[in-house]
Amino acid sequence: GEKVEQHESTLSVREGDSAVINCTYTDTASSYFPWYKQEAGKGLHFVIDIRSNVDRKQSQRLIVLLDKKAKRFSLHITATQPEDSAIYFCAASNNNNAPRFGAGTKLTVKP
Amino acid sequence: GPKVLQIPSHQIIDMGQMVTLNCDPVSNHLYFYWYKQILGQQMEFLVNFYNGKVMEKSKLFKDQFSVERPDGSYFTLKIQPTALEDSAVYFCASSGTGVAETLYFGSGTRLTVL
C-alpha cells in the first residue's frame with residue numbers, strides 16, 4: 001500500500017521568509033495530494049491540494065509542486081506569518097484508496 | 001465551513017471494557033473515515049466506510065474494532081475489548097462523493113485506556 005514520507009519533522013523560519021515542506025510517496029497510482037494543517041488540540045483542516053494532471057498549483061501564499069517521476073511533492077509557504085505556525089500533513093491517495101498521511105511537520109514562524 | 005462533530009472529546013476507560021466513539025459527519029457526505037493519532041503526530045488510517053459497508057481498512061483496524069452508521073445517524077467506531085495500545089486520539093472525517101477529495105475532520109476523541 002501507499003506510504004508517505006514527510007522529510008522535515010520540525011521547521012523554524014523567520015516571519016516573512018518562505019517555508020518548504022517535502023514529501024515523497026511510493027504508489028505510482030496515487031493521483032491526489034492534499035495538504036492539511038493542524039493547530040493545537042484541533043482536527044486537520046484542508047489547506048491546498050494538487051492532482052497528478054498538473055505539476056504546480058498556487059493559492060495565495062501557498063504553492064504546491066508535484067514531481068511524478070521522482071514521486072515527490074512539496075508545499076511552499078511564502079511570506080510566512082506567525083499564524084502559519086502549526087503542524088502540516090501531506091497525504092496521497094487515488095480514486096480507490098483513502099488518503100495516507102505523512103508524519104507531520106511542526107512549523108514555527110518566529111516574529 | 002462544513003463541520004464534523006465528535007462526541008465525546010475525552011473518554012477514559014478500563015482495559016477490557018467496550019467503548020463507542022461517535023461522529024456526526026457533514027450532512028450530505030457519503031464517505032466516512034476513522035484515523036488514529038498517537039503523540040500528536042502520525043495520522044494512521046484505520047477504515048473508510050461507504051454505502052453501509054467497510055470499503056477499506058488497515059492492519060491497525062483489528063478484529064476488536066467495528067464501524068457502523070445505522071439509519072444515517074452517528075458514524076461510530078466501537079472497540080471491544082479495549083487494550084492499552086488503543087490509547088490515542090481518534091479522528092473522524094467525511095468527504096462528499098469520493099476518497100480523492102477534501103476530507104473534513106472532527107476535533108478528535110482522546111481515548112485513554114487504563
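Computed from the coordinates by the stated procedures, all read-outs in this text should not be read as laboratory data. Small disclaimer: the values here were computed from a predicted structure and weren't measured. A quick note on method: Cβ atoms are made from the backbone with ideal geometry, for glycine too, and the neighbour counts reach across all protein chains shown.
Here are some notes:
- For chain A, built as a Gaussian network whose Cα springs stay under 10 Å, the top-fluctuating residue of A:SER52, A:SER85, A:SER74: A:SER52
- Listed by chain and number, the aspartates and glutamates whose alpha-carbon sits under 18 Å from that of A:LYS3, ignoring those within fewer than 8 places in the same chain, are A:ASP27, A:ASP49, A:ASP67, B:GLU44, B:GLU56.
- Residues of segment A:32-66 with an amide N closer than 14 Å to a point placed 7 Å from the Cα of A:HIS76 along the Cα-to-Cβ direction: A:55-66.
- With the convex hull drawn over the C-alpha atoms of chain A, the volume per residue is 93 Å³.
- Here the Karplus curve 6.51 cos²θ - 1.76 cosθ + 1.60, taken at θ = phi - 60°, turns the phi angles of segment A:94-104 into couplings of 10, 5, 10, 10, 5, x, 10, 9, x, 7, x Hz, with x standing for Gly and Pro.
- Peptide B:88-99 shows a mean partner chain C-beta count of 2 within 10 Å per residue C-beta.
- Restraint check, B:LYS36/B:LYS78; B:LYS36/B:LYS59; A:LYS69/A:LYS106; B:LYS53/B:LYS78; A:LYS37/B:LYS36; B:LYS36/B:LYS57, Cα-Cα greater than 19 Å: A:LYS69/A:LYS106
- Cα centre as origin, Lys/Arg/Asp/Glu Cβ charges: the protein assembly as shown dipole, Debye: 380 debye
- Chain B, relative contact order in percent, only Cα pairs under 8 angstrom and at least six apart counted: 39 percent
- If only the Cβ of Lys and Arg carry +1 and only the Cβ of Asp and Glu carry -1, the dipole of chain B around its Cα centre is close to 80 debye.
- Loop-located trypsin sites (Lys or Arg not before Pro) in segment B:8-114 (DSSP state other than H, G, I, E, B) with a sparse environment of at most 10 neighbouring Cβ atoms within 10 Å: B:LYS59.
- From phi via Karplus (6.51, -1.76, 1.60), per-residue ³J(HN,Hα) for segment B:29-37 in Hz, x at Gly/Pro: 7, 10, 10, 9, 9, 10, 10, 10, 10
- Computed label-point distance, nm, for sites A:HIS45 and A:LYS69 using a 7 Å Cα→Cβ extension: 3.8 nm
- Amide H contacts for A:SER85 (H built 1.01 Å from N in the peptide plane; partners 5 or more residues away or on another chain; cut-off under 5 Å): A:VAL109.
- Close amide-amide hydrogen proximity is noted between B:GLU56 and B:ASN48, each under 5 Å apart and 5 or more residues distant or on a separate chain (H modeled in the peptide plane; Pro and chain starts excluded).
- Estimated translational D of chain B in µm²/s (Stokes, Kirkwood radius over Cα pairs; 20 °C; 1.002 mPa s): 153 µm²/s
- Dipole magnitude for chain A: about 180 debye, using +1 per Lys or Arg Cβ and -1 per Asp or Glu Cβ, origin at the Cα centre.
- In sequence order, segment B:11-26 has phi-based couplings of 8, 10, 8, 7, 3, x, 7, 9, 9, 10, 9, 10, 9, 10, x, 4 Hz under the Karplus curve 6.51 cos²θ - 1.76 cosθ + 1.60, θ = phi - 60°, and Gly or Pro positions carry x.
- Close amide H contacts of B:MET15 (hydrogens built in the peptide plane, cut-off under 5 Å, sequence separation of 5 or more or a different chain): B:LEU114.
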